Every structure is written in C-alpha cells, then in structure tokens.
Amino acid sequence: MESLFEKALLFAIDAHSGMKRKSGEPYILHPIEVALIASKLTSDEEVISAAVLHDTVEDTDTTPDDILRNFGERVAYLVALETENKRDGIPKRETWQIRKEESLEELKGAADPGVRVVWLADKLSNMRSFHKMYLEKGDSLWQSFHQSDPAKQAWYYRTVRDLTRELSDTPEWREYNTLTEKVFEGVK
C-alpha cells in the first residue's frame with residue numbers, strides 16, 4: 001500500500017504532466033523540490049504531501065474537492081492556503097498586488113505551523129530559481145513575470161521571510177533570507 005506522500009507525488013506528477021516552468025524545466029521538478037525542502041523542516045507526512053501538491057489547484061485542472069477527497073481535510077487546507085484566487089478573465093498583471101496581499105493575509109492568520117513550512121519551502125524553491133536567473137539576466141529577469149517591478153517582488157518575498165521567521169533557526173530559512181537579499185540587493 002502506498003503512503004500518503006507517494007500517492008500525493010503520483011497525483012502531482014499526473015496533474016503537472018507536460019507543464020514547463022519559465023526556466024524551461026519540467027514543472028514537476030518545482031513541487032518535488034518543495035516537498036524535499038519541507039521534508040528537511042518536518043517529518044509530518046501531511047505537510048510534505050501538501051508541499052508536493054501545493055500548485056495543483058492553482059495551476060492545473062485539479063479542484064479543491066479533488067484534494068479533499070484524495071488526501072483529507074488538513075492536506076486540502078494546506079494546499080488551499082497556497083492557492084491564489086487567479087480571478088479568471090482579468091489579466092494577471094492587473095491582479096498581482098491584490099492576489100499577493102490576500103495570500104499574505106492567509107499566511108499571517110494561519111494557526112497550523114505546517115502552513116509556514118509549505119510556504120517557506122515553496123518560496124525557497126522559487127528564490128533558488130530567481131537567484132540562478134538573476135545571475136544570468138540581472139534585473140531583466142522580472143520582465144518574464146506578471147509583476148515586472150523588482151520593488152514589488154522584493155516587498156512580497158521579504159514579507160514572506162518576515163512571516164516565516166518562526167523557522168529562522170533552520171538552514172532553509174537562513175538560505176531563503178540570504179538569497180532574498182542577494183536577488184533584491186539595493187531594491188527598496
């Protein structure tokens with residue numbers, strides 16, 4: 001019998017099949033990296049499972065009910081707190097600020113410590129990619145994103161850092177902090 005995480009991994013592989021990241025890499029590598037990071041922060045299988053599933057509702061045809069039915073209430077809750085309301089029909093550039101503000105409010109108000117683990121794991125994976133792209137492209141890297149203003153990106157990623165500070169004694173949080181400062185060095 002497969003574990004909850006194995007089931008979640010197979011589900012995520014299927015859901016993200018054929019998708020690519022902005023870097024051109026297979027999309028599934030990001031959720032796998034997020035789960036690996038989460039596994040260094042906790043042994044809680046529900047949290048690690050939510051980490052590998054964190055983008056399924058936001059970026060695939062997967063529904064919140066699919067996650068609830070297959071993985072239970074807590075995993076569905078953790079995934080929901082990583083899922084932005086994309087506001088279909090409105091250009092993503094126009095909704096970026098409100099989506100980020102709403103998601104940060106969810107993070108701020110979350111009582112379950114697993115929420116911060118999934119968030120930190122996701123954003124550390126993103127920051128690793130950003131740092132690599134930043135070394136290659138400099139500030140022009142932001143032109144490929146829905147929000148091209150580095151100051152707004154810096155605000156968002158620094159706020160996530162501040163809201164996950166309870167994990168500041170971990171190597172993962174310290175890496176996130178270091179990479180955030182490198183990528184946004186000089187950005188106010």
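Which one of these does Val115 not meet: (1) out of contact with any Phe, Trp or Tyr (no Cβ under 7 Å at 6 or more places or on another chain); (2) touching a residue at least 40 places away in the same chain (Cβ under 8 Å); (3) more than 17 Å from Phe184 (Cβ to Cβ)?
(2)
Which count do you get for residues in region 58-69 that are assigned to a helix (DSSP H, G or I) and touching a residue at least 24 places away in the same chain (Cβ under 8 Å)?
2
Can you tell me which residue in region 23-55 is farthest from the chain's Cα centre (by Cα), limited to those that are of a type in the set (S, T, N, Q) and in a loop (DSSP other than H, G, I, E, B)?
Only one residue fits best here, namely Ser43.
Taking the stated definitions as given, is Ser43 surrounded by fewer than 21 Cβ atoms within 10 Å (Cβ to Cβ), at pLDDT 95 or above and of a type in the set (Gly, Ala, Ser)?
Considered against the rule, which asks whether it is surrounded by fewer than 21 Cβ atoms within 10 Å (Cβ to Cβ), at pLDDT 95 or above and of a type in the set (Gly, Ala, Ser), Ser43 comes out as yes.
Could you grab the pairs with beta carbons closer than 7 Å, sequence gap of 6+ or different chains, first residue in region 133-147 and more than 14 Å from Glu185 (Cβ to Cβ), second one of a type in the set (Phe, Trp, Tyr) and at pLDDT 75 or above?
His146/Trp96; Gln147/Trp96
Does any residue in region 34-57 that is more than 20 Å from Glu73 (Cβ to Cβ) come within less than 8 Å, Cβ to Cβ, of a residue that is among the acidic types (Asp, Glu) six or more places away or on a different chain, and which pairs are these?
Close Cβ pairs satisfying both conditions: Val34/Asp122; Ile37/Glu172; Lys40/Glu172; Leu41/Glu172.
For the subset of region 130-184 comprising residues that are among the acidic types (Asp, Glu) and closer than 21 Å to Lys100 by Cβ, which member is surrounded by the most Cβ atoms within 10 Å (Cβ to Cβ)?
Filtering first and then ranking leaves Glu181.
The values are calculated or read from the model by the stated rules, or taken from the named source; none is laboratory data. Model, not experiment: these values are computed from the prediction. All Cβ positions, even for glycine, are placed from backbone atoms using ideal geometry, and neighbour counts span all protein chains on display.
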